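Chemist: Once you've had a glance at the structure underneath, I'll fire off some questions.
What follows is calculated from the coordinates using simple rules that are stated; it is not laboratory data. Please read these numbers as outputs of a predicted model, since none were measured by experiment. With ideal geometry, Cβ positions are generated from the backbone for all residues, glycine too; neighbour counts draw on all protein chains shown.
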Amino acid sequence: MKKLLLISTFLVMLFASALTFAVDIGVVLPTNVEPRWVQDETRFKEALKDTKYTVEILFSQGSPATERQNVEALVAKGAKVIIICPHDAVAAAASAEVAKKAGAYVISYDRLIMGTDAVDYYVTFDSVEVGKAWGNFLIQNVKKGTKGNPLYLYAGALSDNNSFLFFQGAWEALQPKIFDGTFRVINSSEAVKLMNKKNLTRDEMARIIGQVTTNWDFNVAKRKAEDDLTKAKTTDKGTVYILAPNDGTARAIADAFRADKAVKQYFITGQDAEKASVQYIIDGKQSMTVFKDVRLLVKDSINAAQLLLQGKKPATSGSYDNGKVKVPAIQSEIQVITKDNVKKILIDSGYYSEKDFQW
Ligand code: BGC
């Protein structure tokens, strides 16, 4: 009798835990310290209201070890699809392999996981286009016929494959204008050395990025900009052009340049359309941002996950080489935002509410 009671209690507990812990789709995001990834969390939650699947979202707080633990926890709860945005592209291969071994599908989200065949799909924006949009924006704002315009370069983290794609796009646009003397690179001797070469190898890009990386960290970005301005001559100031790799770092860098009396005017890029940067754009403190509509990325990821859960294959367009395999990709377009179209693209589309900003 006692034995029967024990067994039935055990079964009830097992059933209850299966109910509480069952997860169909697990989402692992790199950090909630940057507004970009909190945006993604919010958009995931909104989009998931309409699905019958259970989803759990976890943050890795910039640690590959935590990322791996997150994946382990999610597969232990039965997740059949793991959507990972890696903190470190190479280190995340281990996390992807944990998921794969447990029989789950792996979707690389926004950033590509490198060096493993454990990635099934890559859901992303066109990151080379993001960089091209920055380069073209800076070029468009140069006074026709002028030469030697000071150009300051900043980049993302070396551990993020996207940093290379963004830089590649930016360099492809800017290089001819550096080579013909329109721009003068102030803060990267490696960029100056490579100014006659349009198509850089990954290694060559790494040399430049290594000198101008912000590590995606606002504080690093601010410190780098301040150091660059301390070293720069007065002739390297006046009207300047700044390639900033995202909104958080753009605001930090812009603040440093605004604080320098010898800087009369600056043009600075960004991406993510973070609320704080939208306000900076309205106020004229940031010149542009690249809007990557996170709703599209989230929708594509959830669609792909649902199809995989139903035993179907998501449609892809093209692929990205991660050093081990060509990962089939589902790609979204980007949009450039300036003061002139900010209202139309971000408010009229319902992405943000007008009352969140001071106009
Ligand atoms: C993302 C950007 C983001 C950056 C820093 C990149 O991989 O594509 O949107 O600003 O990481 O988190």
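Chemist: Of the residues that sit in the range 104-113 and are aliphatic (A, V, I, L, M) and more than 16 Å from the ligand (Cβ to nearest atom), which one is surrounded by the fewest Cβ atoms within 10 Å (Cβ to Cβ)?
Modeler: Applying the filter and picking the extreme gives Ala104.
Chemist: Out of all the residues in the range 114-132, which are crowded, with 22+ Cβ neighbours inside 10 Å and in a helix (DSSP H, G or I)?
Modeler: Answer for the range 114-132, where residues must be crowded, with 22+ Cβ neighbours inside 10 Å and in a helix (DSSP H, G or I): Ser127, Val130, Gly131.
Chemist: So Leu174 passes all but one of these: (1) in a helix (DSSP H, G or I); (2) within 18 Å of the chain's Cα centre (by Cα); (3) surrounded by 21 or more Cβ atoms within 10 Å (Cβ to Cβ); (4) not charged (D, E, K, R). Which condition number does it fail?
Modeler: So Leu174 meets the others, but not (2).
Chemist: Considering only the range 158-171, I want to know if a residue exists there that is without any contact (Cβ under 8 Å) to a residue 40 or more places away in the chain, among the hydroxyl-bearing types (Ser, Thr, Tyr) and farther than 26 Å from Thr234 by Cβ.
Modeler: So in the range 158-171, the residues without any contact (Cβ under 8 Å) to a residue 40 or more places away in the chain come out as 165.
Subsequent filtering for residues that are among the hydroxyl-bearing types (Ser, Thr, Tyr) retains none.
There is no residue in the range 158-171 that is without any contact (Cβ under 8 Å) to a residue 40 or more places away in the chain, among the hydroxyl-bearing types (Ser, Thr, Tyr) and farther than 26 Å from Thr234 by Cβ.
Chemist: Next question. Test of understanding: among Arg43, Arg36, which residue is under 18 Å from Ile302 (Cα atoms), basic (Lys, Arg) and touching a residue at least 40 places away in the same chain (Cβ under 8 Å)?
Modeler: Being under 18 Å from Ile302 (Cα atoms), basic (Lys, Arg) and touching a residue at least 40 places away in the same chain (Cβ under 8 Å) holds for just one of Arg43, Arg36, which is Arg43.
Chemist: Restricting to the range 104-113, count the residues that are β-branched (Val, Ile, Thr) and in a loop (DSSP other than H, G, I, E, B).
Modeler: Summing the residues that are β-branched (Val, Ile, Thr) and in a loop (DSSP other than H, G, I, E, B) in the range 104-113 gives 1.
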